[in-house]
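Below you will find the structure I want to go over with you.
The values are calculated or read from the model by the stated rules, or taken from the named source; none is laboratory data. As the structure is a computational prediction, the values presented were derived from the model and not from experiment. So basically every Cβ, Gly included, is an ideal-geometry build from the backbone, and we count neighbours across all protein chains shown.
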Amino acid sequence: MLIKEVCILGGSGFVGSAIVAKLAAAGYSVKVLTRRRDNAKHLFLLPKVQVIECNVLDYQALNSALRGADAVINLLGILHQGRRVNFNAIHHQLPAQLAKICKDLNIKRLVHMSSLRAGKNAPSQYLRSKGAGETALVSHLDELNITIFKPSIIFGRGDSFINLFASLVKVLPVVMLAKPNAKFQPIWVEDVASCFVACLADRASYGQTYELAGPKVYTFRELVQAVMNTLQVQRPIIGLSDGLSYAQAFMMEILPIKLMSRDNIRSMEADSVSEQAFPAIFNLTPTSLETLIPQYLVDQTPRGAYDRFRRSAAR
Ligand SMILES: NC(=O)c1ccc[n+]([C@@H]2O[C@H](COP(=O)([O-])OP(=O)(O)OC[C@H]3O[C@@H](n4cnc5c(N)ncnc54)[C@H](OP(=O)(O)O)[C@@H]3O)[C@@H](O)[C@H]2O)c1
């Protein structure tokens, strides 16, 4: 089936913005559903991209917004539960409703974002709810052409993980690091976006689940060290025991800004590492973190800060 119009949930976010830009460049018409148009204002000028306000958790509203689409991409995800929203609603109920609406509207193509290590027996609520979302979708494989992606941590300009640690190491005299030996296999956001766009019209990806992980495995400590090396900032890293990691996260849950929760720590009990080779179907060699973080953290290095001041002073 020829896909012309793609509707995307979560298109305003970090990964979504990269996917929307690539979809637009590939000539698709893209409808981005968002809670607030302002959240997606950086997408307004992209060709053939429409930003629509929609409460995607409302069945009728979502049903109306998806009318006319040939394919749907679902990227909705949260790392922290709140009073009004929880993992189950976003990661499980929403994909289940989405599949139902796609069937009602005869939209056959659905591409869904899950997470590496998501599953029924995963250690955290985040990962279990993502697993429940996958299970809900897999039950529709007879009627819908579904592809599921399970990435490790995703990095790139505007990411929350690397940038958070870049900010912290600049102000903290010592880094008290929870779960220092937890493992990650970071994948570049542009590589993830390329896979989403490439799979859309590729029948070979129908019914498939792909793990996406970068070329190298890092411990949490090594990742923070890589950030410090890039910024030319050296701070002692004190690795916390499991007990202290949970205690630190508990304290952070009380803060108004959500940095880390106990559920995030539980997610790190399962190494975010893939045992599979990068999916050959995408014909892509994933880009390494070391190649890229100097580019996007460059404004935060001493030299980058100097260049930034010079630019702002128009010199
Ligand atoms: N970033 C990573 O390292 C990583 C790793 C593995 C998997 N993932 C998965 O990849 C997906 C995208 O991640 P991301 O880093 O791009 O996240 P993000 O920047 O936080 O974007 C998430 C999107 O979800 C929407 N959203 C958030 N809370 C919502 C709510 N309560 N109701 C309705 N919509 C809501 C937001 O849309 P509006 O604000 O426009 O409404 C936002 O655009 C998520 O499913 C995430 O679990 C990410």
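Go over the candidates Ser205, Ser241, Ser272 one by one and state the one that is touching a helix residue (DSSP H, G or I) at 6+ places or on another chain (Cβ under 6 Å) and either at pLDDT 95 or above or aromatic (Phe, Trp, Tyr) (or both).
Ser205
Still on this structure, please answer the following. Out of everything in region 275-300 that is under 19 Å from the mean Cα position of the chain (by Cα) and part of a helix (DSSP H, G or I), what residue ends up being modelled with the lowest pLDDT?
Among them, the one singled out is Tyr296.
A further question on this structure: Pairs, please: C-beta under 8 Å, at least 6 apart or cross-chain, first residue within 16 Å of Leu168 (Cβ to Cβ) and in region 230-252, second in a loop (DSSP other than H, G, I, E, B) and among the hydroxyl-bearing types (Ser, Thr, Tyr)?
Thr230/Thr301; Leu231/Thr301; Gln232/Thr301; Ala249/Ser261; Met252/Ser261
Of everything in region 194-217 that's of a type in the set (Gly, Ala, Ser) and in a loop (DSSP other than H, G, I, E, B), which residue is farthest from Gly131 (Cα to Cα)?
At the first step, the residues of region 194-217 found to be of a type in the set (Gly, Ala, Ser) are 194, 198, 201, 204-205, 207, 213-214.
In the following step, the residues that additionally are in a loop (DSSP other than H, G, I, E, B) were identified as 201, 207, 213-214.
Values: Ala201: 25, Gly207: 16, Ala213: 18, Gly214: 21 Å.
My answer is Ala201.
Show the residue pairs that are 6+ apart or on different chains and have beta-carbon atoms under 8 Å apart, the first residue being within region 80-100 and over 27 Å from Pro256 (Cα atoms) and hydrophobic (A, V, I, L, M, F, W, C), the second being modelled with pLDDT of 95 or more and part of a helix (DSSP H, G or I).
Between residues of region 80-100 that are over 27 Å from Pro256 (Cα atoms) and hydrophobic (A, V, I, L, M, F, W, C) and residues that are modelled with pLDDT of 95 or more and part of a helix (DSSP H, G or I), the close pairs are Ala96/Gly133; Ala96/Ala136; Ala96/Leu137; Leu98/Leu62; Ala99/Ala136; Ala99/Leu137.
Given the conditions (1) within 21 Å of Leu289 (Cα to Cα); (2) within 16 Å of the ligand (Cβ to nearest atom); (3) at pLDDT 95 or above; (4) not in a helix (DSSP H, G or I), report the number of the one that Glu190 does not fulfil.
So the condition that Glu190 fails would be (4).
Anything in region 67-79 that is crowded, with 20+ Cβ neighbours inside 10 Å, more than 9 Å from the ligand (Cβ to nearest atom) and either more than 22 Å from the chain's Cα centre (by Cα) or under 26 Å from Ile257 (Cα atoms) (or both)? List them, or say none.
Ala69
Among the listed residues Phe196, Phe165, Phe155, Phe149, identify the single one that is touching a residue at least 40 places away in the same chain (Cβ under 8 Å), aromatic (Phe, Trp, Tyr), more than 19 Å from Ile8 (Cβ to Cβ) and buried (at least 23 other Cβ atoms within 10 Å of the Cβ).
Values: Phe196 fails: more than 19 Å from Ile8 (Cβ to Cβ); Phe165 fails: buried (at least 23 other Cβ atoms within 10 Å of the Cβ); Phe149 fails: more than 19 Å from Ile8 (Cβ to Cβ).
Sole residue among the options that is touching a residue at least 40 places away in the same chain (Cβ under 8 Å), aromatic (Phe, Trp, Tyr), more than 19 Å from Ile8 (Cβ to Cβ) and buried (at least 23 other Cβ atoms within 10 Å of the Cβ): Phe155.
May I pose another question? Could you check region 31-48 and list, in sequence order, the residues that are closer than 21 Å to Cys102 by Cβ and either away from the ligand (no atom under 11 Å from the Cβ) or touching a residue at least 24 places away in the same chain (Cβ under 8 Å) (or both)?
Lys31, Val32, Leu33
Let me ask something else about it. Scan region 123-143 for residues that are surrounded by fewer than 21 Cβ atoms within 10 Å (Cβ to Cβ) and in a loop (DSSP other than H, G, I, E, B) and report the count.
Residues meeting the conditions: 6.
For region 97-110, enumerate the residues that are within 15 Å of the ligand (Cβ to nearest atom), in a helix (DSSP H, G or I) and aliphatic (A, V, I, L, M).
We begin by selecting, within region 97-110, every residue within 15 Å of the ligand (Cβ to nearest atom); these are 97-98, 110.
Those left that are additionally in a helix (DSSP H, G or I): 97-98.
Correct list: Leu98 only.
Out of everything in region 1-40 that is polar (S, T, N, Q) and buried (at least 17 other Cβ atoms within 10 Å of the Cβ), what residue ends up being nearest to Leu144 (Cα to Cα)? Working first, answer last.
Initially, region 1-40 is screened for residues polar (S, T, N, Q), giving 12, 17, 29, 34, 39.
Restricting the remaining residues to those that are buried (at least 17 other Cβ atoms within 10 Å of the Cβ) gives 12, 17, 29, 34.
Numbers: Ser12: 25, Ser17: 25, Ser29: 21, Thr34: 24 Å.
Of everything passing the filter in region 1-40, Ser29 is nearest to Leu144 (Cα to Cα).
For region 1-30, what are the residues that are away from the ligand (no atom under 15 Å from the Cβ) and either outside any loop (DSSP other than H, G, I, E, B) or closer than 20 Å to Ile78 by Cβ (or both)? Lay out the reasoning, then the answer.
From region 1-30, those away from the ligand (no atom under 15 Å from the Cβ) are 1-6, 24-29; that's our starting set.
Residues satisfying the conditions are Glu5, Val6, Ala24, Ala25, Ser29.
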